[in-house]
Amino acid sequence: MSLFFEPEKSQGEKLFEKFLFILAGLLLAMFIVLATSAANAQQLVPAVKALQKGDAVPDLTLTNLVNIKDSTETIHLTSTDDRLTVLIFFGTWCSSCRAEFPSHQALQNRFKEKVRLIIVGSEPRAKLASYFNTARFTDGTSYTFPCVAEDKQLKSLFPHRLIPHLVWIKSGKVVATTDGEELTAENITTVLNGSAPPYQKKDIDAEKPLFFNDDLPPSAIFSLFIKGQVDGLGNGGRFRRSGDVVFGRLMHNSRLYEMYRHAASELLPGINSKRVLSTIKDSSGFFIPAQASPSERRKNYCTYEIRVPLKEADSLYAYMLKDLNRYTPYHGSIEKRRVKCLVMTVVPGYKDRLKTKGGTPELSFFPDQPPLMINYSTKILLLRLNDLKFLPLPVVDETGLTENIDLSLTSFPTSEAELKSALLKQGLKLSERERELEMLCLKDDK
């Protein structure tokens with residue numbers, strides 16, 4: 001048995017304990033008051049309202065600017081400013097954004113004080129400053145538009161998913177929200193004359209099945225095809241997955257040619273443009289020329305989505321090819337054809353020399369850099385060779401090499417003759433021959 005004995009406390013100790021108790025109570029009360037005040041203060045801060053076409057834009061002062069002469073400079077957006085101001089939301093990683101800058105600069109030079117183009121970026125100030133220090137207009141001069149760095153304010157006022165995202169503001173009101181292609185001299189003149197561009201940008205969440213609400217059951221199977229640009233979607237696609245199984249595919253605002261090639265990619269591994277035979281008479285709606293106008297691209301872009309049962313996921317791309325044949329005036333099929341090609345073989349005596357010496361795999365096969373392959377398969381080399389635009393014929397591997405190889409060229413070849421010469425020095429020979437190959441055959445479906 002154990003006993004606990006607490007000695008009698010002195011009067012001073014009792015008074016000190018009472019003081020500590022009162023002090024703790026006061027501190028707790030102060031904490032509750034401060035916490036309540038902070039919560040009430042937060043509740044009093046109005047939520048930022050996203051602005052739409054026709055809404056008034058509050059007077060704003062834009063700071064943290066780069067690509068300007070004076071680092072302390074600010075930009076004021078006011079309702080009394082009768083100029084057309086276009087906010088261009090941008091990212092240094094966005095190739096579409098960068099590709100449109102020359103045309104934007106040309107428009108800024110043409111309309112001068114009537115139009116003010118402002119770039120808006122969320123990236124760090126140093127990164128944006130570095131980009132504009134090196135980026136150049138077609139005549140070699142620097143771009144003149146100022147850029148807002150590390151933006152949060154404007155993104156909250158004009159939320160969006162896709163960039164480039166352009167917000168047109170005139171006389172203190174949102175006139176339009178568009179993509180970069182709509183920034184044309186014609187549309188600028190239209191806005192300066194008091195009207196709006198004909199096309200407004202939308203944002204569609206491509207992570208969800210297109211044009212269905214959230215009530216669509218996960219087990220639903222369907223296919224969907226749309227001719228013409230779908231506003232609110234960029235150019236690209238999504239895979240629909242269940243774990244590691246791909247059971248659906250979305251391609252949005254794409255060329256039919258890209259869709260047919262993708263449908264054939266699982267049926268014809270390693271397919272490239274040289275493995276495509278086309279007898280289509282009018283290809284204007286199929287390939288879409290690179291220099292097509294925005295209206296031509298808008299008319300000829302297509303969007304396609306398919307979702308199949310999980311147990312039939314292996315047949316996804318076969319279904320996709322059948323759908324494209326059914327929905328379009330064209331027909332694609334995988335057929336064996338005897339065609340001219342470049343056959344890659346090993347020069348006698350070089351087989352052992354080509355075998356890799358081992359080590360960490362290393363691959364560099366980019367223009368302006370000497371090609372290098374360390375400890376890689378000839379299958380990878382074949383893919384890179386078939387990507388070369390100066391080779392008109394498909395390349396076929398008949399080297400018989402099953403082990404990885406090492407390959408190093410002194411410079412990146414720019415012609416078929418240069419490539420053949422460089423490879424020959426390494427022990428690989430390219431010879432024009434005829435072979436029976438599986439091809440994607442495209443024709444008009446009469």
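The values are calculated or read from the model by the stated rules, or taken from the named source; none is laboratory data. In this text, all values refer to a predicted model and were calculated from it rather than measured experimentally. Quick reminder, even Gly has a Cβ in these numbers, built from the backbone with ideal geometry, and neighbours come from all protein chains shown.
Please go through region 134-148 and give me each residue that is crowded, with 22+ Cβ neighbours inside 10 Å and over 20 Å from Asp59 (Cβ atoms), ordered by number. Correct list: Cys147 only. Residues in region 419-426: is at least one assigned to a strand (DSSP E or B) and of a type in the set (S, T, N, Q)? No - not one qualifying residue is present in region 419-426.
On inspection, Glu186 passes the criterion of being exposed (fewer than 15 other Cβ atoms within 10 Å of the Cβ), in the same structural domain as Arg110 (by TED's automatic domain parsing) and either modelled with pLDDT of 90 or more or outside any helix (DSSP H, G or I) (or both). Among the residues of region 221-270, the one identified as surrounded by fewer than 18 Cβ atoms within 10 Å (Cβ to Cβ), basic (Lys, Arg) and under 23 Å from Asp282 (Cα atoms) is Lys227.
The set of residues in region 422-446 being loosely packed, with under 13 Cβ neighbours inside 10 Å and either touching an Asp or Glu at 6+ places or on another chain (Cβ under 8 Å) or not basic (Lys, Arg) (or both) consists of Ser431, Glu432, Glu434, Glu436, Asp445. Quick check on region 128-145. Is at least one of its residues in contact with a His (Cβ under 9 Å, 6 or more places away or on another chain) and either assigned to a loop (DSSP other than H, G, I, E, B) or under 22 Å from Thr189 (Cα atoms) (or both)? Yes; the residues of region 128-145 include at least one that is in contact with a His (Cβ under 9 Å, 6 or more places away or on another chain) and either assigned to a loop (DSSP other than H, G, I, E, B) or under 22 Å from Thr189 (Cα atoms) (or both). Among the residues making up region 345-366, those that are in contact with a strand residue (DSSP E or B) (Cβ under 8 Å, 6 or more places away or on another chain) and without any contact (Cβ under 8 Å) to a residue 60 or more places away in the chain are Lys355, Thr356, Lys357, Gly358, Gly359, Thr360, Pro361, Glu362, Leu363, Ser364, Phe365. Considering only residues in region 86-99 that are at pLDDT below 95 and crowded, with 19+ Cβ neighbours inside 10 Å, the one that is farthest from Glu150 (Cα to Cα) turns out to be Cys97.
When you check Gly270 against the structure, is it in contact (Cβ under 8 Å) with a residue 12 or more places away in the chain, within 30 Å of Leu381 (Cβ to Cβ) and either assigned to a helix (DSSP H, G or I) or in contact with a helix residue (DSSP H, G or I) (Cβ under 9 Å, 6 or more places away or on another chain) (or both), yes or no? Yes: the conditions hold for Gly270.
Pairs meeting the criteria (first residue in region 76-96 and within 14 Å of Thr61 (Cα to Cα), second residue part of a loop (DSSP other than H, G, I, E, B), beta carbons under 6 Å, at least 6 apart or on different chains) are Thr78/Asp59; Ser79/Gly172. Can you confirm whether region 291-313 contains a residue that is buried (at least 19 other Cβ atoms within 10 Å of the Cβ) and either within 27 Å of Gly400 (Cβ to Cβ) or more than 30 Å from the chain's Cα centre (by Cα) (or both)? Looking for residues that are buried (at least 19 other Cβ atoms within 10 Å of the Cβ) and either within 27 Å of Gly400 (Cβ to Cβ) or more than 30 Å from the chain's Cα centre (by Cα) (or both), one finds none in region 291-313, hence no. Considering only residues in region 325-348 that are of a type outside the set (S, T, N, Q) and farther than 21 Å from Leu268 by Cβ, the one that is surrounded by the fewest Cβ atoms within 10 Å (Cβ to Cβ) turns out to be Pro348. Scan region 220-258 for residues that are in contact (Cβ under 8 Å) with a residue 24 or more places away in the chain, in a loop (DSSP other than H, G, I, E, B) and of a type outside the set (Lys, Arg) and jot them down. Passing the criteria: Ala220, Ile221, Gly228, Gln229, Val230, Asp231, Gly232, Leu233, Gly234, Asn235.
Among Lys351, Lys322, Lys355, which is surrounded by 13 or more Cβ atoms within 10 Å (Cβ to Cβ), more than 26 Å from Glu432 (Cβ to Cβ), more than 30 Å from the chain's Cα centre (by Cα) and of a type in the set (Lys, Arg)? So that I can check it myself, show each step before the final result.
Working: Lys351 fails: more than 26 Å from Glu432 (Cβ to Cβ); Lys322 fails: more than 30 Å from the chain's Cα centre (by Cα).
Going through Lys351, Lys322, Lys355 in turn, the sole match is Lys355.
Considering only residues that are crowded, with 18+ Cβ neighbours inside 10 Å and over 13 Å from Val86 (Cα atoms), which ones fall in region 161-180? Scanning region 161-180 gives Leu162, Ile163. In region 366-401, the qualifying residues are those that are of a type outside the set (A, V, I, L, M) and in contact with a Phe, Trp or Tyr (Cβ under 9 Å, 6 or more places away or on another chain), and the one that is surrounded by the most Cβ atoms within 10 Å (Cβ to Cβ) is Pro371. Of the residues making up region 274-326, those that are assigned to a helix (DSSP H, G or I) and among the basic types (Lys, Arg) are Lys274, Arg275, Arg297, Arg298, Lys299, Lys311, Lys322, Arg326.
Taken together, Pro197, Pro217 contain a single residue that is touching a Ser or Thr at 6+ places or on another chain (Cβ under 7 Å) and either crowded, with 18+ Cβ neighbours inside 10 Å or without any contact (Cβ under 8 Å) to a residue 24 or more places away in the chain (or both), which is Pro197.
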